[in-house]
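Some notes on the structure that comes next.
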Amino acid sequence: MASSPGSSHGGTISAEGVVDVLTQSMSQDGVARDRALRALEHWQRDHCRGILPALLEIIQSKALKAVDPMGLRLYAAVMAKNLVGCAWDRSSSSSFGRTFAEKREWNGIDNAEKNALKEGLLCMLFAEKDARVREQLVVLVATVARYELPGGWPSLLGELMDAANHQDLFLEERNVALRALKKVLAGLKGKKALLSVTSAELLRDRAKLQNFARTGALEMQSLQSSIKAVAVALHQLWKRGSSVLGSGDQGWDCAGLVANASLSCMRQVILVLESFDGVSDTMSTFFAEAAQQAEDLRNVYIEPPAGTPASQDVDRWREMANKSFVVINKCCIAAVDKHAREFAPLMIPFMRIYIESIMALDHGMLQVLSQKRLVLMTRFLAKVFHNPTYKRSPGLLQRQMTDAGDEAHLKIIEGMQVALRYIGEFWESPVFSQFVEALITRFLVLTDEELQEWESDPENFFLVSNLDLDIESEVRRCCAEALLLFLMERNTEATSRVVMTLASQSLNPEASFGWQPRLVEGCLHAIDATALLIPTGTLNYDAFFCSDAMRFLEMPSSDVVTRTLQGRVLHMLVTMSAELSAESYEKALEAALKFLQSPDIVLALNSVTLLHKLCVADIIGRGPYAKVHSRLLKAHVTEMLSSSFLLAHKLNEGENLQAVLRLIAIEVEALVNHGNLFDASGEAEAERAKTMELIQFLAVQMPQVWQRILNQGGGESGYGAACQSSLINILLLLIEKVGEICLAVNPLREVVFELIGFCVNIGAPHSEYLLEDGLKLWRTVMLYGSWQSIGQPVQSSVGDLFCILQSGRENHEALCVLKLYVVLCGPQVLADRSQLLKALMDHCLSAEGTVKEVYTALDFLYTLALVDLQLAFHVSQQGMAYLLQKLKNQELVRAVLEPLLSLLALFALRNESLLSGLAFGIVDEMTKILLTYKGIRSIHEFLNTTGARGSGFMKRKVAFVLLAFVAKYFPDLGRRHKRDILEFGLSQAQEEDKRPLSVAAFLNVKGSLTQVSDAEVWRGSEYFNKAKAVYETDPIFALSLRDLLHRTAEALVSEEDGGNGVDALLGSLNGLNMSQ
């Protein structure tokens, strides 16, 4: 290799060396390619001297311009752009993070190289003929400008404007100048007036800080002045170009391109300017002229003057004119977003033009107009009606006029008054009702093109139709929905009246415009979109569904228009389900079940959405008609499941497939009535047969769905991640409900282990987002499987688990799995791995460990201590010392306190000498904490939640075990708290006598046996049987609190007790006869 990372330190990197490295980075030889890529990464990361000039030399190479089969010039241009640091938008959202990220890469480049780059970059840009390379250079110019403007490159904006205005330059060069100017301005939108101050020296010196702030303010003032000068020049350039375009004279096409490019730059100027101060006249003139041009271009069939050169190519001229209309619209939207107050009086003519344009649309125009033009008109109006500036009360503005301190401020307020008055008159005028009607009938009614998309690309149609409300959407119907909602918000009564009247007329075949199914669907769409804002009492949803909407669901789905009506009704039911009566609710659910089987994918997906909404209401037990729902769901769940899988096999979009898989999970839960599976009754026998039928069905379907996910891009996060996660959730749910039964079916078992292997392959990119899910499935299989089902995979995969642990990823889940290995295979599974285990424990039980990692590590160590106490103590010494210090300083997170105390208690009972060296300060603080457990009961214990009593009892038992340890090894401290310790012990001994803890309850607390599974589910679990044997040996579980209390009292008895002995001492506390 001609150049390497090491050689860059000794001298300047040569262009030839860089060419060699770039070439090798595309080599088929993996070793050479990796070495070259490491060199490139090193050059970029460390800003090696000479790399930037070398890249620029490659871009300008005449030899490579002639012959460049590998695209080295483009490669060099991309690398130069990245080297400077173009990706400022991907930095932190905080101002400090953004400033730091912006400045880091550019500041790493040598000043001489920076100056050379700025001096030659524009010449290089204008001389470049390759469009792809030129585009990278445009971005490079914008990147450097963002860092250097205004003081570092003061001539840039002027040079670009001069090139754009230069009549002798070729059109392409002028366009390049305008494109670069647009990029530069776009990059300046996020430039901060002042950088975050992080220098302690600067913060301490008030004079330096003030000077820094003053310099920053002057720089931004200079930058704003330069941009205002650009605004004036752009206005003149646009005016000249649009005049030639409008006249259709010679050169109209070049003039049109320059005019529209100037308009695009003007839009960026509007977004960058902090105010119109100093250019208010220019902006007023620009928007007045733009309004006149928009008025002329409203006519979609406009043509150039007859007999002019442009009349020879009407389509091309009309395309440019339409582009002008669109970019003017974008300029207006930018003004509303950034300068709502100053733009207020200038906004009125545009509002009128766009309202009248929408009202004038007919079917023919909708077929001709671009989607972009329709979207932008509705977006502008939506932004105007939703902008808080245009919602102010006249009284508030009147007070502001009184307080106005200067003429400019007074002029702005007067302009706002004019705008608000115009909007207010619009609400009250007859035009408003006509506009709402036009919006619904022109924008919400499906076009021929959309009906074709319904049939040709149903999945995309469904996704677009169910997008969240977004004023920035590029979809016509979505933007219209947003505008309609804002109209309803601002003028509720009038808007809802139009919506209801139009819907009533469309549903009446005898109305003036007769029966028009598309119009009916559009009107139902309007009701659906605005349902949450329609005034209470205006519409009886239940009666509306029964009398009007239900009949559409009963129609034959013979043609696409009828199916659009049925889809809309299903979508509406999602919105209005809470308003339905029991009878209507049942009809809605039956309709959803029916259309789930429809061959029309849009209808089937709408049914999935509705069923999911209704099913979730039933599962959480809060649905208004849960009994109705439960009865129907259980009666039809088998056919639901079949239809859902049939639909899943047809889908290509990950988001749609994920929705179906979520519904399947609900259906599986409804089918598996695990409470009766293991009874001896005939009913249980029927349930078992139904469950086995389900498992056999899933054994056929799940591998097919898994294969489909892989075939459709399972390794790509865009498609596979969410779907694979949903598939795993179905399996987790099934295994937790029925346990070993499903793992005994080979096809299902095979897909489970294939999924685990796929997800936990840490060498594959998809493990970044699937590793946690894979580990959860791995853990669940080990919890519930018999040795026959899991023995061989468990023994063969332990190496994979330690690779994951060594990677440091998903430590909490990986440790949960390792805990199961320790129980199933014994401590020998950790043979020769103590060093790795210690490093892992040191990480988890340190400041670097998350709360989840600390908790899981302590839980793992508890189990390890039961099977190998010395190893557990060895690997945890450093981490335990850290946690105890945190406890002493009262900095320990409460969530990890209980597992820490449990482990300490286990160490104390297994080998008291392990803890006898604890520092007094730690023991003193620990004693105070332990005594807080006296008499404490959780809310779950009071509510008698499953497992809560066992968990609470164990916490209190652990606390008393440690208090007994304190009493023995720190008698002075113990005697200080003697009464509290013994009272605590007495109460726990009485509780243990009355309700001793069973081994099953103890396993629920310590053995990771989840509460969602029935006790009988564990019968076939190898882990359950091994865990029972391990945890029965737990000294905390086996310990008699009565005996421990007696020994503790002996340690605490003193002369103050009158020499009456332990029994008398305890009897005096509680009247309990301990000698029985």
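The values are calculated or read from the model by the stated rules, or taken from the named source; none is laboratory data. It should be emphasised that the depicted structure is a prediction, and the values quoted were computed from it without experimental measurement. Note that we place each Cβ from the backbone using ideal geometry, even for glycine, and neighbour counts take in every protein chain shown. Remember, those area values only see protein heavy atoms, side chains included, never the ligands or the DNA or RNA. Shrake-Rupley method; radii C 1.70, N 1.55, O 1.52, S 1.80 Å.
A few comments on the model shown:
- Distance between the 7 Å Cα→Cβ label points at residue 848 and residue 800: 2.7 nm.
- For the chain, average projected area of the Cα convex hull in nm²: 58.0
- Summarising the label geometry, the points placed 7 Å from Cα in the beta-carbon direction at residue 467 and residue 314 lie 3.3 nm from one another.
- Helix-only CD estimate at 222 nm, as mean residue ellipticity for the chain, using -39500 (n - 2.57) per DSSP H run (n ≥ 4): -23500 deg cm²/dmol
- FRET efficiency, residue 42 to residue 167 (Cβ-Cβ, R0 51 Å, nearest 0.05): 0.60
- Here the extension length gained between residue 792 and residue 516 equals 92.8 nm, from 0.36 nm per residue of separation less the Cα-Cα distance.
- On a per residue basis, the chain carries 43 Å² of accessible surface, using protein heavy atoms and a 1.4 Å probe.
- Order by protection proxy (mean Cβ within 10 Å, highest first), peptides 805-816, 32-43: 805-816, 32-43
- Ordering of 308-315, 293-300, 323-330 by burial proxy (mean other Cβ atoms within 10 Å per residue, highest first): 323-330, 293-300, 308-315
- In Hz, Karplus ³J(HN,Hα) per residue of the stretch 259-273 (6.51, -1.76, 1.60; θ = phi - 60°; x = Gly, Pro): 4, 5, 5, 5, 4, 4, 5, 4, 4, 5, 4, 4, 6, 7, 4
- Crossing angle, helix 1041-1052 versus the chain [Cα axis fit, 0-90 degrees, rounded to tens]: 80
- For the stretch 426-499, carbon and sulfur atoms together expose 46% of the accessible surface, with a 1.4 angstrom probe and every protein chain in place.
- Cα-projected label distance for residue 973 with residue 212, points at 7 Å along beta-carbon direction, nm: 4.8
- Considering only alpha-carbon pairs that sit under 8 angstrom and 6 or more positions apart, the relative contact order computed for the chain is 5 percent.
- One chain, two ends: residue 1042 and residue 548. Fully extended at 0.36 nm per residue, the span grows by 170.4 nm beyond their Cα-Cα distance.
- Nearest-0.05 FRET efficiency for residue 74 and residue 655, computed from C-beta distance (R0 45 Å): 0.85
- 3J(HN,Hα) along the stretch 115-130: 5, 5, 5, 5, 5, x, 5, 5, 4, 4, 4, 6, 7, 6, 9, 6 Hz, from the Karplus curve 6.51 cos²θ - 1.76 cosθ + 1.60 with θ = phi - 60°, whole Hz, x for Gly and Pro.
- In this entry, the stretch 429-539 is assigned a mean projected area of 7.5 nm², taken as a quarter of its C-alpha convex hull surface.
- Carbon-plus-sulfur accessible fraction, the stretch 783-852 (probe radius 1.4 Å, protein heavy atoms only): 50%.
- With a threshold of 32 Å on the Cα-Cα distance, the over-threshold entries among 928/1028; 650/819; 183/383; 886/955; 372/411 are 928/1028; 650/819; 372/411.
- C-alpha long axis of helix 340-360 to longest principal axis of the chain, angle in °: 80
- Ordering of 345-352, 889-896, 654-661 by burial proxy (mean other Cβ atoms within 10 Å per residue, highest first): 654-661, 345-352, 889-896
- Karplus-derived 3J(HN,Hα) values for the stretch 491-498, using 6.51 cos²θ - 1.76 cosθ + 1.60 with θ = phi - 60°, are 9, 4, 5, 5, 5, 5, 5, 5 Hz; glycine and proline are entered as x.
- Helix 682-711 vs. the chain, principal-axis angle (Cα, 0 to 90°, nearest 10): 40
- Estimated FRET transfer efficiency (residue 362, residue 275; beta-carbon r; R0 41 Å; 0.05): 0.50
- Where a label projected 7 Å from the Cα of residue 288 along Cα→Cβ would reach, residues of the stretch 346-367 with amide N under 16 Å: 346-350
- Length released on extending from residue 540 to residue 370, taking residue separation times 0.36 nm less the Cα-Cα span: 57.4 nm
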